[in-house]
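Taking it in order: structure first as structure tokens, then the write-up.
The values are calculated or read from the model by the stated rules, or taken from the named source; none is laboratory data. These numbers come from a predicted model, not from an experiment. Reconstructed Cβ throughout: ideal geometry from the backbone, glycine too, with neighbour counts over all protein chains shown. SASA here: full protein model, heavy atoms, side chains in, ligands and nucleic acids out. Shrake-Rupley method; radii C 1.70, N 1.55, O 1.52, S 1.80 Å.
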Amino acid sequence: KQIDGVNWRYRTGSQWREIPERYGHWNTVYQLHRRYCRDGTWAAILLGVIEQVEELGDIDWFVPVDSTTVRAHQDASGALVD
């Protein structure tokens with residue numbers, strides 16, 4: 001239930017305090033997430049999932065990047081400023 005709350009928060013991009021009550025109190029969900037970050041639980045889960053899908057051959061490490069979506073401020077281009 002609380003892990004679903006963490007997933008909901010990242011899926012929606014909302015603030016921790018906006019987590020619906022059905023996932024538990026927002027601070028409880030946040031503290032679980034924080035504890036899992038510190039003790040490496042999230043990393044272990046990710047590595048476990050990656051290992052499983054690699055064994056099945058269901059993962060494709062090719063990630064297309066479209067350079068038209070990469071933008072920088074004009075100052076980052078090195079252009080001379082008057």
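A few notes on this one:
- Segment 20-66 - convex hull of alpha carbons, volume per residue in Å³: 144 Å³
- Amide N proximity, segment 1-36 versus Ala43 label position 7 Å along Cα-to-Cβ, cut-off under 17 Å: 33-36
- Cα Rg over Rh - segment 2-43, Kirkwood: 0.95
- Heavy-atom accessible area order for Ile50, Ile19, largest first, 1.4 Å probe: Ile50, Ile19
- When the residues His25, His33 are ordered by accessible surface, computed with a 1.4 Å probe over the protein chains alone, the sequence from largest down reads His25, His33.
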